[in-house]
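> If you scroll down you'll find the structure; I have some questions about it.
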Amino acid sequence: MERIVPSLIASSQEELDERARKLKVCFFHLDVMDGAFVPNKSLLFDFSFREKSEAHLMMKKPCEWLKENAGDVDRIIIHAESDDASNAVKMAKASGKKVGIAINPGTPADAVEEYAKRIDKIVVMTVHPGAYGTTFLPETLGKIKQLRKMYPDVLIEADGGVSPETIEALRKAGADLFVAGSYLQNSDEPLKAKKELEMLVK
Ligand code: DX5
Ligand code: ZN
């Protein structure tokens, strides 16, 4: 299993293509933002150049987005804090997608409970959502530990602030997958940086 998942945030198609080009991988975590759930806006561009990707919907109304845009990606991550999270999970499942439920740093672990039987992955935000390069929040490690105990068989993805300084603690807490944005994007050799992260959690 590839444990390091590169994330893409872009404000234009050009920027997206450039960021994607840096990483010759076939699976991306695409950050989609509506300017309301989080202050930044970054909607879906053309991702069809990648066979498999996940869209992380930082959106108040994910159902509206799903109706129009879900086609290009095969996995969807929906926030438990979204207005219509339960319906969005239903919709994404009905269209054959794998579904993850994400929780913000301030949201307790038990917010996942009502979705647990229907989802393929739990995404724990380890930064406040909305941008590349924000501060890692060590207090989220306890929540990962808690979720690992509650759901021993469900994949847990840590999203945000992943670097050589944080990844081992995240792994130890129980995370299986690690979304990395700025650490890879800011590296002179992003592929090498990704391999180095991989080695730390082998
Ligand atoms: C945060 C996004 C993350 C982001 C991670 O709002 O959901 O996926 O791209 O970026 P870094 O690794 O820079 O924290
Ligand atoms: Zn994300």
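The values are calculated or read from the model by the stated rules, or taken from the named source; none is laboratory data. Since the model is a prediction, treat every value here as computed from it, not as a measurement. As a convention, Cβ positions derive from the backbone with ideal geometry for all residues, glycine included, and neighbour counts pool all protein chains shown.
> Specify which of the listed residues (LEU170, LEU147) is part of a helix (DSSP H, G or I) and within 15 Å of ligand 2 (Cβ to nearest atom).
LEU170
> Also, I was wondering about something else. Examine segment 84-97 for a residue that is under 28 Å from GLN185 (Cα atoms) and in contact with a strand residue (DSSP E or B) (Cβ under 8 Å, 6 or more places away or on another chain), and state whether such a residue exists.
Yes, segment 84-97 contains a residue that is under 28 Å from GLN185 (Cα atoms) and in contact with a strand residue (DSSP E or B) (Cβ under 8 Å, 6 or more places away or on another chain).
> Restricting attention to segment 173-202, which residues are in contact (Cβ under 8 Å) with a residue 60 or more places away in the chain and in a helix (DSSP H, G or I)?
Residues satisfying the conditions are LEU184, GLN185, PRO190, LEU191, LYS194, LEU197, GLU198.
> Turning to a different aspect of this structure: Do we find that TYR132 is touching a residue at least 24 places away in the same chain (Cβ under 8 Å) and closer than 17 Å to ARG75 by Cα in this structure?
Values: touching a residue at least 24 places away in the same chain (Cβ under 8 Å): yes; closer than 17 Å to ARG75 by Cα: no.
Judged against the criteria, TYR132 is not a match.
> Looking for whichever is of a type in the set (D, E, K, R), in a loop (DSSP other than H, G, I, E, B) and either within 16 Å of ligand 2 (Cβ to nearest atom) or over 27 Å from LYS97 (Cβ atoms) (or both) here; the options are GLU157, GLU165. Which one fits? Break it down stepwise before answering.
On the way: GLU157 fails: in a loop (DSSP other than H, G, I, E, B).
Checking each option against the conditions leaves just GLU165.
> Right, something else. Just to be sure I understand, how many residues within segment 108-131 are within 16 Å of ligand 1 (Cβ to nearest atom) and out of contact with any strand residue (DSSP E or B) (no Cβ under 8 Å at 6 or more places or on another chain)?
Residues that pass the stated criteria total 2.
Table: residues versus (1) more than 16 Å from ligand 1 (Cβ to nearest atom); (2) touching a helix residue (DSSP H, G or I) at 6+ places or on another chain (Cβ under 9 Å); (3) farther than 18 Å from PHE28 by Cβ; (4) not acidic (Asp, Glu).
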| site | (1), (2), (3), (4) |
| --- | --- |
| GLY133 | no, yes, no, yes |
| LYS145 | yes, yes, yes, yes |
| ASP159 | no, no, no, no |
| GLU165 | no, no, yes, no |
| LEU170 | no, yes, yes, yes |
| ALA175 | no, yes, yes, yes |
| LEU184 | no, yes, no, yes |
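> Just to verify a result, which residue in segment 55-99, among those that are more than 17 Å from the chain's Cα centre (by Cα) and of a type in the set (Ser, Thr, Tyr), is modelled with the highest pLDDT?
Once the filter is applied, the top-ranked residue is SER86.
> Residues that are touching a Lys or Arg at 6+ places or on another chain (Cβ under 8 Å): which helices (runs of 4 or more DSSP H) entirely in segment 1-102 hold 2 or more of them? Before the answer, list the steps.
Values: elements: 13-21, 62-69, 85-94.
Hits in segment 1-102: 85-94.
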